[in-house]
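What follows is a short report on a single structure.
The values are calculated or read from the model by the stated rules, or taken from the named source; none is laboratory data. Remember, predicted model here, so these are calculated numbers, not experimental data. Please note: Cβ atoms are built from the backbone with ideal geometry, for glycine as well, and neighbour counts cover all protein chains shown.
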Amino acid sequence: MGILQRVVSSIINKKIKYFLLFIIFFLLGNFLVIGIGINDASKMAVIKSREMLNPIIIFEQVDDSPEDYGIYYDDAIVEIINEIVLDERILVYNKITGMNMVVQNADAVDINVVDENIKQIENGVYISGNNTDSMFEIDDGSYEVVEGRFYTLDEIKNSEKVVLITNQFADLNNLKIGDKLQFKGDNHDELLKYFEDDFDPIIEYEIIGIFNNNQIIENENEDYINYNVMLAPAKSFLDFEDNYRNADLQLASFIYGWKDESSMVKSEDMYDAELPIIKLKDPDDLASFVEDYEEMILPYYTMNYNNELFENYGKPLDIITYFSNLILIAIVVNMILMFTAIIFLYVKMRDNEIGILLSIGIKKIEIMTQIFLEILIIGFLGISLALFSGSLLGNKFGNEIINISVVQNNINEYEDGDMFYNHDKDYFSELTQADVFNNFDFNITKSLAISIYFMIFIIVLISCVIPSILIMIQDPNKILNRKE
Amino acid sequence: MVILKIENVTYSYKDGGYQRVILNDLSYEFQEGKFYTIIGESGSGKTTFLSLIAGLEKVKSGKIYFKDKSLDQIGYSNYRRNDIALVFQHYNLINYLSAIQNISLAMSKTKKKIKKQKYVGYALLKKFGIGKSKSDRSVTKLSGGEQQRVAIARALASNVELILADEPTGNLDKSTEIEIISIFKNLALEYNKTIIVVTHSSDVSDQSDIILRLVDGKLVEMK
């Protein structure tokens, strides 16, 4: 006869006792489900809100930085930045540089231009360069490569002249992958007047990709340059840019009589010292990432990851998480103590049965296993029912807590959601406290239910320790003779 | 052939300040296929003796051998599981199991593999007058005599050679007592089992092959 058959027979035979145990499991199980559910909902709300906020890190120059000028050329800073961008926690980063150019063998897109002043130069385009094989806009779908490909790390390393153009630009000019585009600087014609034939730098790019600029679709009247933006490896046009900067400098010297002997800082060196804007894979890594690097870049820079805003909005959730943790610990400890006492009493009440089983040679470990399984089955049945009722109660209870928190916290509500925004571009997404609380969703998921069952397993296991000692010291002779 | 050998076993316990000797350098050899009864005054140590030879309690002084192997060598739990079966005055059946389940439990615990356990169990119970419908009932719903027959069937089910019983008819009426005694006699005679029964009843002891009286901590053969 198998142990499971014995377990089932024993439970059926002790219906009333086990029904009472079932009720206890059910009642305490409700608290456990509510506690775990609220705890999980708070944690998930924090994570979701973090995700809404985008796990972005922006470097900001310290206001009272010891050196306002010259830090761009600090090799140590460049080295640190190069080290930071290799961190595996980074999903993507933008280290953008750009140059206004004029396309020579094609026409710029000029549809939907509301303000003609924006389009200052005929066939003016903007080359945007990054030094990774992706960028934020590719990652979030703002730029969607529909034909061809994005540039590779090798092409970046070799400063190859490859470019991606918008599909509007491609359609207008009937361009395809492999076609070549020629560019000159946007002040080319002006400089030519002074330098005549001595100055005529032209740069030629091969088209490797065509992308949809989805930002344009969403905002039809956005600026003209969005249709004429092109993507290329950052360093592919820095030397070209230096030609124009040098020419500008010479022209200034000629016109104003400057005699500046100092050498011009190369665009590439300036670019190397540029600070990236970083997006991490996991929002949970933000604090540790900043902690790992912030010391290294002080006193010049700090790292802003919108934490102040998040912490203010997320504070009620932290308090809920803290208290639900405390309640959860109290429930688990109480369950263990209570079930230890109950199982102890059960074992005491069953000592005659234990004596008989021992007298026919059943091992003590098997008897312990039988009692453990009986309690565990009842525990699982009780918690199964508690999962339903606890979910309903927890939902109501969780919403009440959130409502209270909202009322109390409205006093601290930030009026300006953009308060912590930075740079020209809103890399940080908007977040309000309502968003944070909307993310609080009491829901007993399958994985949460499994972890609750696992927790019951552990509670029953721990609760069986002391009663097991009682079984271990049982003497069948004493038990049976006591009855005799 | 000797199945159980008791060698210089002494058992005593402290009783209010002085040592009370129950078994005093007791030695005896039990033969295979015999029906023994042990009689004696109340408190003479009959039940203690049975507990020791049943391996329910460890011997502190002296040795007990089952087929030339000491119980220490065999292991007390193994000995109880594989080599002996116990029948008690209060039947000591697992009350939440049916009669057939009690039998199956004993069968499943012995190392001697028994095939078609349920079939054998029903057959055994039938032999002791417990039909199939009663076999499937909870043992608490059976009469005292029926429960004791189930207990004996359980003892037999594990296919052991030595069956020990402590006042097995103590709770039974006269006619059932006679019935149970005849079962024990047959077990020794037909199945070559060794039966050792502790009893107060002269009706039981009169039917045994050998009567042993426990006097002053020693076993004395009366018959």
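Couple of notes before you dig in:
- Scanning region A:128-137 for residues that are free of Cβ contacts under 8 Å to residues at least 60 places away in the same chain and of a type outside the set (Gly, Ala, Ser) gives A:THR132, A:ASP133.
- Taken over region A:335-366, the residue count meeting the criterion of being of a type in the set (Asp, Glu) and away from chain B (no Cβ under 11 Å) is 1.
- Across region A:314-354, the qualifying residues are those that are within 41 Å of the chain's Cα centre (by Cα) and of a type in the set (S, T, N, Q), and the one among them that is nearest to A:GLN433 (Cα to Cα) is A:THR321.
- Output for region B:21-40, where each listed residue is more than 10 Å from B:LEU219 (Cβ to Cβ), among the β-branched types (Val, Ile, Thr) and within 15 Å of the chain's Cα centre (by Cα): B:THR37, B:ILE39
- Among strands (runs of 3 or more DSSP E) entirely within region B:23-122, having at least 2 residues that are within 13 Å of chain A (Cβ to nearest Cβ) singles out B:84-88.
- Per the listing A:PHE150, A:PHE169, the residue uniquely surrounded by 18 or more Cβ atoms within 10 Å (Cβ to Cβ), touching a residue at least 40 places away in the same chain (Cβ under 8 Å) and assigned to a loop (DSSP other than H, G, I, E, B) is A:PHE150.
- Test for B:GLY129: is it outside any strand (DSSP E or B), away from chain A (no Cβ under 13 Å) and among the small types (Gly, Ala, Ser): yes
- The listed residue being closer than 30 Å to A:ILE203 by Cβ and either modelled with pLDDT under 80 or surrounded by 17 or more Cβ atoms within 10 Å (Cβ to Cβ) (or both), out of A:LEU275, A:LEU317: A:LEU275
- Within region A:73-102, residues that are more than 14 Å from A:ILE57 (Cβ to Cβ) have Cβ atoms under 7 Å from residues that are modelled with pLDDT under 90 and of a type in the set (S, T, N, Q) in these pairs: A:VAL102/A:ASN123, counting only partners at least 6 apart in sequence or on another chain.
- Out of A:ILE383, A:ILE444, one residue alone is modelled with pLDDT of 85 or more and not in a helix (DSSP H, G or I). It is A:ILE444.
- A search for C-beta distances below 8 Å between a residue of region A:439-458 that is in contact (Cβ under 8 Å) with a residue 12 or more places away in the chain and any residue that is buried (at least 16 other Cβ atoms within 10 Å of the Cβ) and outside any helix (DSSP H, G or I), counting only pairs 6+ apart in sequence or on different chains, returns A:ILE452/A:ILE444.
- If you go through region A:259-306 and keep only what is free of Cβ contacts under 8 Å to residues at least 24 places away in the same chain and either in the same structural domain as A:SER159 (by TED's automatic domain parsing) or among the hydrophobic types (A, V, I, L, M, F, W, C) (or both), you end up with A:LYS259, A:ASP260, A:GLU261, A:SER262, A:SER263, A:MET264, A:ALA287.
- Residues satisfying the stated conditions in region A:15-32, i.e. touching a residue at least 24 places away in the same chain (Cβ under 8 Å), closer than 26 Å to A:GLU353 by Cβ and out of contact with any Leu (no Cβ under 8 Å at 6 or more places or on another chain): A:LYS17, A:TYR18, A:LEU21, A:ILE23, A:ILE24
- Failed item in (1) modelled with pLDDT of 85 or more; (2) more than 30 Å from A:PHE19 (Cα to Cα); (3) hydroxyl-bearing (Ser, Thr, Tyr), with A:THR340 passing the rest: (2)
Matching residues to (1) within 19 Å of the chain's Cα centre (by Cα); (2) outside the structural domain of B:ILE181 (by TED's automatic domain parsing); (3) hydroxyl-bearing (Ser, Thr, Tyr); (4) buried (at least 19 other Cβ atoms within 10 Å of the Cβ):
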{"site": "B:LEU52", "(1), (2), (3), (4)": "yes, no, no, yes"}
{"site": "B:GLU57", "(1), (2), (3), (4)": "yes, no, no, no"}
{"site": "B:LYS67", "(1), (2), (3), (4)": "yes, no, no, no"}
{"site": "B:TYR79", "(1), (2), (3), (4)": "yes, no, yes, yes"}
{"site": "B:ILE100", "(1), (2), (3), (4)": "no, yes, no, yes"}
{"site": "B:LEU105", "(1), (2), (3), (4)": "yes, yes, no, yes"}
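- A Cβ distance below 8 Å, combined with a sequence gap of six or more or placement on separate chains, defines the contacts here; from region B:13-38, residues that are free of Cβ contacts under 8 Å to residues at least 40 places away in the same chain and assigned by TED's automatic domain parsing to the domain that holds B:ILE3 reach residues that are surrounded by fewer than 17 Cβ atoms within 10 Å (Cβ to Cβ) and of a type in the set (Phe, Trp, Tyr) in the pairs B:GLN19/B:TYR13; B:ARG20/B:TYR13.
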